[in-house]
Structures are given as C-alpha cells and as structure tokens.
1. Pick out, from region 160-230, the strands (runs of 3 or more DSSP E) lying fully within it that include 2 or more residues that are out of contact with any helix residue (DSSP H, G or I) (no Cβ under 7 Å at 6 or more places or on another chain) and at pLDDT below 80.
2. Test each condition in (1) farther than 25 Å from residue 35 by Cα; (2) modelled with pLDDT under 85; (3) surrounded by 15 or more Cβ atoms within 10 Å (Cβ to Cβ) for residue 330 and report the one that comes out false.
3. From the list 422, 428, exactly one residue is within 30 Å of residue 379 (Cβ to Cβ) and loosely packed, with under 12 Cβ neighbours inside 10 Å. Which is it?
4. Just checking, does region 310-317 include any residue being touching a residue at least 60 places away in the same chain (Cβ under 8 Å), touching a helix residue (DSSP H, G or I) at 6+ places or on another chain (Cβ under 8 Å) and on the phi > 0 side of the Ramachandran plot?
5. Tally the residues that are surrounded by fewer than 15 Cβ atoms within 10 Å (Cβ to Cβ) and either outside any helix (DSSP H, G or I) or in contact with a strand residue (DSSP E or B) (Cβ under 9 Å, 6 or more places away or on another chain) (or both), restricting the search to region 394-416.
6. Cβ contacts < 6 Å: first residue at positive phi, restricted to region 153-167; second residue surrounded by 17 or more Cβ atoms within 10 Å (Cβ to Cβ) and modelled with pLDDT under 95, any location; separation 6+ or different chain. Result?
7. I'd like the full set of residues that are more than 13 Å from residue 320 (Cβ to Cβ), in contact with a helix residue (DSSP H, G or I) (Cβ under 8 Å, 6 or more places away or on another chain) and not in a helix (DSSP H, G or I), limited to region 342-371.
8. Of all residues in region 495-522, count the ones that are at pLDDT 80 or above, assigned to a loop (DSSP other than H, G, I, E, B) and surrounded by 10 or more Cβ atoms within 10 Å (Cβ to Cβ).
C-alpha cells in the first residue's frame, strides 16, 4: 500500500485529459523512456510542453481507442471471475506520477491492465513475458498504487482470445522510471516547440515547355533553342542547400524528374532520327540539354547522399557533445570522481532512420537515457564521497586514492575503509606494546643494575667491617726486652696505641633490597627469589 490519492475522474473526459497534463501518466512511461512503438519521446515532449493532446484520425479513434475501451469492459468480468474479486476503474496519483487503472480490487492489492488482442503480443504473454513496450506502464501502476501485482491481459473480450500474465513490483524499474521522469522534466523545461512535423512531399522544378521538332530532310520547325535556354535556367535554379526533410524530399524527386527529362530528350532525338539521318544542329542541341540534365541529376543525387550524411553526423555530434557536457557537470559535482560509462552508441541509434526527424528523435532519446544512467552513477558517487568524508575523518592520510575509491560500490567501499583503519589501529597498538615492553625491560635492567651496585657496596662494607673486627681481636705483641746496661741505648718515646673500634652493626635492609641482592647474586628472577624465601624453614639451626 502507498499513500496515493484517488481522483474521481472518468477516463476520456475533459477533466481526465486536463489531469494528464499535470501528472506523469503510467501510459506515457514507455514513450518517456523511448520504449514505445506508438509514440516518439520528442513527440511526448511536444505534447507536454504545449499541453496539446495528440490528435487521431477517425479510424484510429473508432477502431482502436474506442474499441479498446469496449473490449476492456468485456474482459473485466472475466478477470473478476478468475480472481474471485470485483475490479473498479480508478485514477490514482503519488507525487507527480499517476496511473489510470483499468481495474483495482477493494483491497488495492491487485490491479488490472487490458490490451486489445494482438497475435504477437498475445504469444509473448502466453510465455509469461510482458515486453518492455508495456512493462513501464505496469511498473508505474504498481509504484503508484502499491499493489502486489498487475494482472496484464490481452484479449478481444472473449474467453477464446484471452491470455494473461502477472507482473510483480521491481525496484530497479521503479528507480528507472523515477529517474526517467526527472530527466524528462528537465528536457521539457529546455524544449523549444517546433511546428508539427508533416511528412514532406517532394516538388520538382517548374514543368519545362513542350518540345516539338518537325523534320523533312531538314529541320522545318523547332523551339529547341528556347527550350534549351529555359531548361538550363531551371537546372541552375535547383536548390542545393539541403538541411530539412522538405529539402531532401524535393531533391530526391528532382533527381527522378531529371531522369525523366533525359528520357524525353532521348525520345525526341529518336523521333527526329526516324525522320532524317543528318541534322547535326538538332542532335548537338539535344545532346547538350540531355548532358546538362544528366549532370544535374548525378550532382544532385550525390548532394542528397552527402547532405544526408552531413546532417546525420551533425545530429550525432550534437548528441555526443551534449552528453560530454552533462558528464563534465557531474564530474564537477563529484570532485572529479567518475566511472567511465562510455559514449552512448548514437550511431547505432540513428542507423536505419531515413528522415531527419526520426534521426533526431533517436539520438535525443538515447541521450536522455544516457543522462539518466550518468545521473544514477553520479548519485552513487556523491553518496560515497559523503560517506568517506565522515568515515575517514582523522585518517585522511590513509586514503590518498579517495577519488578512485569514490567510484566503488558502497559495500566494497565500506570494506576497504574499515580494513585500512583497523589495520592502522592494529599497527599503532603493536607499536605501543613494543614501546611499553622496551620501557619495562629498561626499567627492569635499571633496577637490577642498581640492586647489584647496592649489593656490591654492602658486601664491600661488610668485608671492611669483618677485617676491622679481626684486627681488634688479635692480641698486641710483647714489648721488646730492655737493653743491657752496658749497652744502654737511647730511649725513644712510643705513643700509646688507641684500642681498635668495634664495627657498627648495619641497619636492617628493606625487603625489596634483600630481594634485589638475592636476584643479583644468584642471577635469578624476583619471582624465583620470593618463592625461595617463602619455602625457607627457619626452625632448622
């Protein structure tokens, strides 16, 4: 279901016709996309710009359009019988798009669209195929109404000729139709109405005067000289500046006319020959006129071919230039990011088209579809650019190739962005871990070095204290005997030696100092030393 609006309009009424000019009708979607065999895209542009509906002959109106409504009414009960539900003709709109349904159920879950019996179309529908010439209408009906399916029927109002196929919603078609109408609105705004195309009918130059020749052994009467002068003047006045379909039609018919002049001159010559065998002036004059007619015919024939080619190439160049300009504008919007979609095949589009109008319509239609595709690509790129601006903030240095990345599909782009940033974060974390590990090792080495230095100092101090204690405990040597009287010696006073000082008892080291000393002495780890201390049995003497 959608939030569509239902319009109380009778199909075919003046109010309904006025409504169609305000909205993008489902029945016009195929023409808008250049897929309709019944209406050219440029023709629809003209209708929408001028608000002048297409006029049909009485035959088309009565035998096709009115007859189609009659058959639709006859087929509706057959469809209702198959579905087991009633169908109501209704006109709906959603935004700028509209759909005039041949039938819609009360629940608005099934829509009905009817087409007049056609063997070729019926055979496709038998195979479950709804061709592109009719699929846009079905998809726009689904898009506007929110129905679950369209029952597409081809019939003559009877069971004998009655085939159908169900069409389900397709989001790709929805996007294509929306983009197509957006481009169509731009083209309507820029469209300059031209006079309605009327298939040109070629005109020949003015009719030459009748040529008469009478011969009785000699030329007795002739207007050949005046005929020649008049004919050459006409030949020289033939238009050789070809640009429009009318010019080409005139030129092509003139080519045929020149051929007829040659034939008539040849016949006059033959008639004269039948009357005499030696009239040089007559023959020379006839030959001159015939040669001039032949030259004009051949030149004009070549000119027709040449100018058609030039006009065709000019239209194709115009299409290419317009597409290039459109792509350049889109590149500016995306900051230079772009997916090369290739130049549309304007040559292929124009192939087989005989008139200037048909060539122009084919190129314009291809240009419009190419612009739609380019706009869709640019929209995706702009979304990618916006995503990158937010996702890589602070990590721009990792994305020097961001312009190229902008052209990727969004899922691929998300993967690239996340993987690069995650890899960079993991690398930063690894470096931080290495830095912390280096600092820890340096700190441990410093502590070990300080502990070793302290232990060495304490050991040296202890050894010094032990030596001092040993020196104090050793008894003083006995005094030397007094010299004999006879040999009295000079008495030298001896200073009294002070008693040795007992070494001071060192203060208790801290637990950390004890552990550090043991680590240094035994070249063990802190954990090992602490384990040894915990395992000591102090009850053993």
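1. Values: elements: 162-167, 213-215, 219-222.
Strands (runs of 3 or more DSSP E) meeting the threshold: 219-222.
2. Here residue 330 clears every test but (2).
3. When all the criteria are applied, what remains is 422.
4. No - not one qualifying residue is present in region 310-317.
5. Count: 5.
6. Listed by first residue and then by second, the contacts come to 157/71; 157/75.
7. 353, 355
8. The total comes to 1.
The values are calculated or read from the model by the stated rules, or taken from the named source; none is laboratory data. Just so you know, these numbers come straight off a predicted model, no measurement behind them. Virtual Cβ from ideal backbone geometry, glycine too; neighbours counted across all protein chains shown.
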